[in-house]
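Presented below is the structure to which this report refers.
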Amino acid sequence: MSSSLPLPGTRSHRRPRRGPVPGGPPGTHIAPLDGLRGLAVLAVLLFHAGHLSGGFLGVDLFFVLSGFLITGLLLREAADRGRIGLTAFWGRRARRLLPALTVVGVGTILLTWAFGAASVLLFALEDAPWVAAQAVNWHFVAEQIGYWNASGSRVFAHLWSIAVEWQFYLAWPLVVALAGRGRGGQRRIAVLAGAGALVSLVLMLHYGDAVDTTRVYEGTDTRAFSLLLGALAATAPVRRLIARVPGRVADVVCAVLACGIGAAWGLTDGQNAPGLFRGGLFAHSLAAAVLIALLAHAPDTRAGRLVGSAVPRRLGELSYSLYLWHWPIYLLLPQTVFGFGGWWRTAVAIGVSLPAAWLTKVCVEDPVRFRARWATGRRGLPVLAAALAVAAGVWAAVPQPQPGAGTVDIGRLTAP
């Protein structure tokens, strides 16, 4: 889904992409971590298409990766500069996440206006301000809009996870900046991350028995353990433990963990899975954190080369925009395309999502992220203001459907 990433390690491919190494030299990247992102977004795509019952767990892998990489960047900055520039960090996160989100949000509203049912457009207009505020997960919780049974009419249903990540990016750097100072800072961060993950697990166990699982599934507090386990794996104490693992052993363990995670994606039956909210999600995130830490330490193992091969890595590079686009496209696409559904419809949906993601990355993500001339300096602020004005204008200008419009009044039909 989102993020530029970090951790300690060495360059694993001649042409590595994304995924800065926490604790490593500036500019170091780990190809297998991009590959993991590619596999995670593929799992989510197949889940939403109805072909992979546990593919939603790919979101947890995204969470763990984000916690791992972001914490690695923060700790490396603290070690190199003696402090963390919070304003600069939040600015980089905003440049990374918000431009593509804005473009996809505006595009989704226009596409829903053009092709969606009136009820879908009504929900899109209601949800859009919460998406803009990066709090749509709590909006869904408050309205009890269940991810499992009510998201089929919400084109922004998948953005609950982006909101959770953004809220983490606001809070966690403050913790790292304060607790990571001085000697023993990384140990304190490790303790806080581990303790926070356990508290989050306890909250999930507490809320997990509710009939409506929206609160436990989309709550920032109940999902924080995935991000915090990733953060824990990025700290020096854990990295030192991982460094003691011989390469061959790391390769075998990575293969076992990858197979276990893949089996969970294939066999988990949504919210009906036994133990999903009773420790299952935590166990999946813990396995993902260990896998990520091992791949970061030993990216040149056979498992690392396989995960970091061309196809998963290329998908990983598109993962954020692909995640943003795929659900609105799935939802607005007719149930049958050229008279076919099933895998044929899935192929068409992915075939539309991929070029949309590529265009968004090339035309929006990369220019803003890598500071193209039109996106920086004196040009940058007017462009930002214009983008925000367009987004707000589209939201305000699209006519809001009237509830019940187009339905039949049964009373009038039966009147004499």
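The values are calculated or read from the model by the stated rules, or taken from the named source; none is laboratory data. All values reported here derive from a predicted model rather than from experimental measurement. Cβ placement follows ideal geometry from the backbone for every residue including glycine, while neighbour counts extend to all protein chains displayed. Quick note on the areas: whole protein, heavy atoms, side chains included, nothing else; ligands and nucleic acids left out. Shrake-Rupley method; radii C 1.70, N 1.55, O 1.52, S 1.80 Å.
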Self-check item: Within-15-Å neighbourhood charge of L122 [Cβ basis; K, R +1; D, E -1]
Solution: -2
Exercise. Could you look at the chain and say what percent of its accessible area is carbon and sulfur, using a 1.4 Å probe and all protein chains?
Key: 66
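Expected output is a single nm value to one decimal: the length gained when fully extending between R371 and V348, i.e. 0.36 nm times separation in residues minus the C-alpha distance. What is it?
4.9 nm
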Quiz item: Anyone know which of V120, V253, V383 comes out most mobile in the 10 Å Cα GNM of the chain?
Solution: V383
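Counting only complete DSSP H runs, which helices of the chain cover 15 Å or more along their long axis at the Cα atoms and score a mean Kyte-Doolittle of 1.0 or above?
Span-like helices here: 31-48, 58-81, 118-132, 160-179, 185-207, 247-267, 281-297, 377-397.
Please work out the average accessible area per residue across the chain, using the 1.4 Å probe convention, and give it in Å².
For the chain, the per-residue accessible area is 44 Å².
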Self-check item: A171 versus Q271: modelled label distance in nm, points set 7 Å from Cα along the beta carbon direction
Solution: 2.2
Practice problem: Give the shape of region 179-222 as rounded, prolate or oblate, defined through the alpha-carbon gyration tensor: a ≥ b ≥ c are the square roots of its eigenvalues, a/c under 1.5 means rounded, and otherwise the shape is prolate if a/b is larger than b/c and oblate if not. | Solution: prolate
Practice problem: Describe numerically, in nm with one decimal, the distance between label points set 7 Å from Cα along Cα→Cβ at A88 and at V256. | Solution: 4.2
Self-check item: Inter-probe distance in nm under a simple model that places probes 7 Å from Cα toward Cβ, at F338 and E126
Solution: 3.7
Quiz item: What residue among R302, R81, R313 has the largest mean-square fluctuation in a Gaussian network model of the chain, using Cα springs under 10 Å?
Solution: R81
Quiz item: Rg (Å, one decimal) plus Dmax (Å, integer) for the alpha carbons of the chain?
Solution: 21.7, 86
Quiz item: If you find the alpha carbon centre of region 329-344 and of region 93-149, how far apart are they in angstrom?
Solution: 22
Practice problem: Just subtract the alpha-carbon distance of R248 and V362 from 0.36 nm times their residue separation and send over the number in nm, one decimal. | Solution: 37.2 nm
Self-check item: Compactness relative to 2.2 N^0.38 Å, alpha carbon Rg of region 270-373
Solution: 1.41
